[in-house]
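Comments concern the structure below.
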Amino acid sequence: MEALLFIVGVLTVFITISIVLTLGDQALLFFNDPAVTLAEFFGTTQWQPQAGQFGIWALVSATLTTSVVALLVAVPLGLAAALYLSEYASPRVRDILKPLLEVLAGIPTVVYGYFALLFVTPILRTLLGADRVGVYNMLSAGLVMGIMILPLISSMSEDALSAVPRSLREAAYAMGATRLEASVQVVLPAALSGVGAAVILGVSRAVGETMIVAIASGAGPNFSFNPLEAAETMTGHIARISGGDLPYGTLDYSSLFAIALMLFLVTLVLNLISQWFVAKFREQYE
Amino acid sequence: MNAYAIETKNLSIFYGQFEAVKDVNLQIETGKITAIIGPSGCGKSTLLRAFNRMNDFVPTSRVNGEILLHGQNLYSREIDPVEVRRRIGMVFQRPNPFPKSIYENISWGARINGFKGNMDELVEQSLRSAALWDEVKDKLKQSAYALSGGQQQRLCIARTIAIQPEIILMDEPASALDPIATLKIEELMQELKKNYTILIVTHNMQQAARVSDFTAMMMLSGEGERSGTVIEFDQTTKIFTNPRDSRTEGYVTGRFG
């Protein structure tokens with residue numbers, strides 16, 4: 001039995017390594033091509049493979065913009081929901097609300113995508129002006145992506161908050177703390193490692209999310225951090241281009257692997273930042 | 001004007017339909033230590049937690065009767081339980097410092113209660129009053145969890161002192177500590193009673209005899225012996241040498257309990 005578990009454990013590591021190797025192998029072809037330089041890849045902001053322009057920031061900017069919008073929605077709302085469920089709601093209310101919230105996580109992303117394009121975007125265009133907001137825009141995709149990852153963040157955070165020992169809450173209340181003071185200043189910092197893990201997962205979901213951005217945020221690389229503009233994310237670009245008939249071995253083809261590798265890198269960096277944040281601010285209880 | 005720090009009148013505490021504590025009448029004298037003793041499960045902690053309204057967090061709990069602080073019923077409608085807990089501090093059975101630094105453990109409670117004075121001074125003063133200053137003065141920025149259990153418990157006492165309550169409730173404050181740490185807590189209580197009224201729940205009869213001025217003896221009684229009540233309340237020396245109730249005598253002489 002132990003051997004079996006060991007094999008399964010090794011297998012997951014093995015799969016991850018093979019993915020990185022596959023990506024790296026093809027990406028190497030891309031970077032070895034005389035038409036591409038690392039300086040261009042990391043230093044310029046135009047991504048037009050047909051014109052021989054490979055500036056990754058045109059895609060990274062859209063990924064970061066949509067992800068930041070999504071997190072601005074999901075983290076505060078998710079945390080507020082988690083705090084409400086764990087610190088305020090009666091057991092009966094919690095038993096009803098939590099499964100309802102988790103239903104949001106079960107909606108297919110393609111549905112979210114069209115929800116963004118056909119419902120949220122028209123509202124944004126009415127509210128902010130059709131001349132300022134495009135039919136495709138990063139704001140709408142980001143907002144809906146935030147709704148998508150909200151249940152993930154709230155559910156995991158709620159678990160972390162509930163795991164904080166009751167004695168800490170009692171200590172806070174016995175000091176004359178209000179519910180809000182006890183939850184935000186004592187329970188939340190104590191649960192920060194779990195909450196941080198939830199946010200890290202949320203970040204990874206947002207950066208890796210494809211369908212919503214492919215449908216609602218636009219088809220065409222555009223170096224912009226203005227959420228009202230249309231722009232294509234790394235994932236959206238890969239999905240669109242790989243769906244076409246790209247001949248194997250061309251620069252276009254191998255460029256997709258370079259993007260994928262970059263995606264890996266962005267997720268990794270964001271994870272490291274979150275881990276640093278958690279390590280710095282968490283309050284460890286025994 | 002009455003001389004008591006706090007008193008209960010016909011106090012009963014319910015969990016749902018279950019009457020956990022029945023008809024308690026106690027007059028707690030100012031500046032004294034009053035011990036609540038009795039066998040396990042007789043409602044000592046429930047009674048103690050009624051004084052700072054900690055039972056409010058149990059959804060089905062309910063109180064009949066009154067607890068009077070300066071003649072004002074703590075359970076009357078216009079009383080804010082948060083304000084009650086500020087005036088009546090509590091130290092728990094197991095040390096439960098916040099997972100913050102030693103300094104912040106003291107300053108946090110003071111800050112949320114609107115303390116505007118010199119925080120460094122308050123922290124030092126509180127730690128001195130809890131006989132902890134000399135041991136921690138060089139590591140105030142360290143986590144409270146780096147301290148031993150006995151030190152943690154004195155830190156919990158220090159943070160309670162920092163909000164300057166009128167009364168301090170102690171729920172078996174030494175039950176998780178070794179004899180030496182226990183002795184320190186007991187010595188500390190003698191110091192504290194100069195400024196505070198202390199109510200302590202304890203399992204340990206020797207402890208009650210050593211530290212307290214008054215003792216309330218609780219026991220299950222009533223129908224089917226399910227509700228706890230105070231069967232005898234008197235000066236500690238009387239309870240331990242010349243109790244009126246035979247059940248008290250049986251308990252303090254160790255014949256049962």
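The values are calculated or read from the model by the stated rules, or taken from the named source; none is laboratory data. From a predicted model like this one, the values you see are computed outputs, not experimental measurements. Note that each Cβ is placed from the backbone with ideal geometry, even for glycine, and that neighbours are counted across all protein chains shown. Quick note on the areas: whole protein, heavy atoms, side chains included, nothing else; ligands and nucleic acids left out. Shrake-Rupley method; radii C 1.70, N 1.55, O 1.52, S 1.80 Å.
Structure values in brief
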quantity: Amide H contacts of A:LEU246 (H built 1.01 Å from N, under 5 Å, at least 5 apart or other chain); calculated: none
quantity: Of A:GLY243, A:GLY218, A:GLY202, the one that fluctuates the most in a GNM where chain A has Cα springs shorter than 10 Å; calculated: A:GLY243
quantity: Area of A:VAL213 that stays accessible when all protein chains are in place (1.4 Å probe, Å², to 10); calculated: 0 Å²
quantity: Gaussian network model of chain A, Cα within-10 Å springs - most flexible of A:ALA89, A:ALA182, A:ALA174; calculated: A:ALA174
quantity: Cα-centre dipole for the stretch A:2-281 with unit charges at Cβ (Lys and Arg positive, Asp and Glu negative), debye to 20; calculated: 740 debye
quantity: Rg and Dmax [Cα atoms of the stretch B:1-111; Å; Rg one decimal, Dmax integer]; calculated: 15.2, 44
quantity: Solvent exposure, largest accessible area first (probe 1.4 Å, DNA, RNA and ligands not counted), of A:TYR84, B:TYR103, B:TYR251; calculated: A:TYR84, B:TYR103, B:TYR251
quantity: Which of A:GLN185, A:THR65, A:THR121, positive extreme of dipole for the stretch A:60-206 (C-beta unit charges); calculated: A:THR121
quantity: Cβ-based charge dipole, the protein assembly as shown, positive-most Cα from A:LEU201, A:THR16, A:TYR285; calculated: A:TYR285
quantity: Percentage relative contact order, the stretch A:2-281, counting C-alpha pairs under 8 Å, at least six apart; calculated: 27 percent
quantity: Highest-MSF residue in chain A out of A:VAL269, A:VAL120, A:VAL60 [GNM, Cα springs under 10 Å]; calculated: A:VAL269
quantity: Chymotrypsin sites (Phe, Trp or Tyr not before Pro) within the stretch A:238-286, DSSP loop, no more than 12 other Cβ atoms inside 10 Å; calculated: A:TYR248
quantity: The stretch B:185-252-the stretch A:106-181 distance, computed between alpha-carbon centres (Å); calculated: 54 Å
quantity: Computed accessible area, B:LYS193, all protein chains, 1.4 angstrom probe, square angstrom; calculated: 50 Å²
quantity: Dipole-positive endmost among B:SER12, A:MET211, A:SER167 within the protein assembly as shown (Cβ charges, Cα centre); calculated: B:SER12
quantity: Bridge type composition, chain B - antiparallel percent by DSSP, nearest 5; calculated: 60 percent
quantity: Gyration tensor (alpha-carbon) shape descriptor, chain B, a/c threshold 1.5; calculated: prolate
quantity: Point-charge dipole on Cβ atoms (K/R +1, D/E -1) for the stretch B:112-160, about Cα centre, debye to 20; calculated: 160 debye
quantity: Cα-Cα P(r), the protein assembly as shown, percent of pairs per 20 Å interval; calculated: 18, 37, 25, 16, 3, 0
quantity: Net charge, B:ILE180 excluded, C-beta distance under 14 Å - Lys, Arg +1, Asp, Glu -1; calculated: -2
quantity: Shielding by other protein chains, B:209-219, mean Cβ within 10 Å; calculated: 0
quantity: Accessible-area order (highest first, 1.4 angstrom probe) of the listed residues A:TYR88, A:TYR173; calculated: A:TYR88, A:TYR173
quantity: Only Lys, Arg (+1) and Asp, Glu (-1) charged, at Cβ; the stretch B:64-209 dipole about Cα centre in debye; calculated: 280 debye
quantity: Chain B - percent relative contact order, Cα under 8 Å, separation 6 or more; calculated: 26 percent
quantity: Carbon plus sulfur fraction of accessible area for the protein assembly as shown, probe 1.4 Å, in percent; calculated: 59 percent
quantity: Nearest-10 value in Å² for the accessible area of A:MET211, using the 1.4 Å probe; calculated: 80 Å²
quantity: Ranking by accessible area, most exposed first, for B:LEU74, A:LEU201 with a 1.4 Å probe; calculated: A:LEU201, B:LEU74
